[in-house]
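I have placed the structure first, in the form of structure tokens, so that the comments after it can refer back to it.
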Amino acid sequence: MSVNSFGRLFTVTTWGESHGPALGATVDGCPPGVILEASMIQHWLDLRKPGQNKYTTQRREADEVEILSGVFEGLTTGTPIQLMIRNTDQRSKDYSEIVEKFRPGHADITYWQKYGIRDYRGGGRSSARETAARVAAGGVAREVLKALVPGLEIVGCMVQMGPHKIDRDAWDWDQISRNPFWTPDSKAAVEWASYLDDLRKSGNSVGAIIEIVARGTPAGLGAPIYGKIDTDIAAAMMSINAVKGVEIGAGMGVAALTGEDNADEIFMGNDRQPVYSSNHAGGVLGGISTGQDLVCRFAVKPTSSILRPRETITKSGQSSVIITKGRHDPCVGIRAVPVGEAMMACVILDHILLHRGQIGKNQGKIG
């Protein structure tokens, strides 16, 4: 499994398995002199960690991050930052009955077909437990972004659970941190609680759509053709466990628009900076950021581990029936919000460093 890294100048390599002794990330390319302490990273891990309410897996992990290298006297040194998170609440016995069976919807069968080796203890590297390492790396990226682009803010939320969408007219950014679903619609949060409770008790699960917004993104990030910032955002989000679709701005919705409706008209603002009538483009034109909000959404499939019998086969090719026991999220999309934010932070920082290396400051002046 050789492809465990992403990024070009700000690079992240994750390591470890769901039921191994630890997991973590090696972060390289971080500029020196940035204030960084474990507590800064821990803040974001605490938002993602399991067992915080009845709507997430009851696996109890403290997810305490340790910084093993790359920081001296509270400042980054410019050398690789090694982050480690110890696993403390593994229950591998929960998976003893599926050693020979492939779980439908999981990567069990494809990992076996490709590698001939399968870690049945929670899926090993294919487990969403790996995303804790991404969130830790994203915590580093956020601190660097805070130093380089003080006005930049990355916020994620859930805009749909199963068939139930939020009312965008009721959008309230302050509500996101006030409910367990990360939704900006307080009424939706109440309705989703009842809906998910029924699903959870019945042993079933459901999917979700997550929206990630980066406000205050500078114009000029990204490059034409193969270095587009939206290409890298889409790839980053698609790499998250259980994600099956990604869109930028209006996304798939642009197919229903006319050219007149879709074009974001441009005006000159009072501060002599361009302003736009709308943001169907999601803050990107030609692969380069416009200075508007960067907006992406991704769809997370229902948790495949459910307490309902499903048909499957064994490694020897025999037909069988499987019920996946253990502790699982009835809607894995809930904990995907901080993961999506972390990936957005890493991609934006990587592009800021690339931009500084090639261009320095934006070359084209308006007005």
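Observations on the model:
- The Kirkwood radius of the chain, taken over pairs of alpha-carbon atoms, gives through the Stokes-Einstein law at 25 °C and 0.890 mPa s a diffusion coefficient of 113 µm² s⁻¹.
- Portion, in percent, of the accessible area of the range 151-294 that falls on carbon or sulfur, probe 1.4 Å: 52 percent
- About its Cα centre, the chain has a charge dipole of approximately 1140 debye under the convention of +1 per Lys or Arg Cβ and -1 per Asp or Glu Cβ, with nothing else charged.
- Relative to one another, the C-alpha centroids of the range 2-20 and the range 65-84 are positioned 16 Å apart.
- Placing R0 at 30 angstrom, the Cβ-Cβ distance between Ile35 and Lys244 gives a FRET efficiency of 0.20 after rounding to 0.05.
- Theoretical FRET efficiency, 1/(1+(r/R0)^6), r = Cβ-Cβ of Ala22 and Trp112, R0 22 Å, to 0.05: 0.35
- Full extension of the chain between Lys187 and Thr258 gives 22.3 nm of extra length, using 0.36 nm per residue less the Cα-Cα distance.
- Annotation: extensible slack from Asp198 through Ser5 equals 65.6 nm (criterion: 0.36 nm per residue apart, minus Cα-Cα distance).
- Here the dipole of the range 193-256 is about 80 debye; that uses its Cα centre as origin and unit charges on the Cβ of Lys and Arg (positive) and Asp and Glu (negative).
- Extension gain from Arg310 to Ile266, taking 0.36 nm per residue of separation minus the Cα-Cα distance: 10.5 nm
- Summary value for the chain: 22 percent relative contact order, contacts being C-alpha pairs under 8 angstrom separated by 6+ residues.
- Whole-Å distance, taken between Cα centres, linking the range 188-248 and the range 113-155: 14 Å
- Mean residue ellipticity (222 nm) of the chain, computed from DSSP H runs ≥ 4 via -39,500 (n - 2.57), nearest 500: -8000 deg cm²/dmol
- Taking label positions 7 Å along the Cα-Cβ direction at both Arg86 and Asp46, the computed distance is 2.0 nm, reported to one decimal.
- Inter-probe distance in nm under a simple model that places probes 7 Å from Cα toward Cβ, at Ser69 and Asp172: 4.9 nm
- Solvent-accessible heavy-atom area per residue, rounded to whole Å², over the chain at 1.4 Å: 47 Å²
- Estimated FRET transfer efficiency (Ala62, His164; beta-carbon r; R0 35 Å; 0.05): 0.60
The values are calculated or read from the model by the stated rules, or taken from the named source; none is laboratory data. The structure presented is a predicted model; accordingly, all values stated were derived computationally and were not measured. A quick note on method: Cβ atoms are made from the backbone with ideal geometry, for glycine too, and the neighbour counts reach across all protein chains shown. For accessibility, only protein heavy atoms count, side chains too; no ligands or nucleic acids. Shrake-Rupley method; radii C 1.70, N 1.55, O 1.52, S 1.80 Å.
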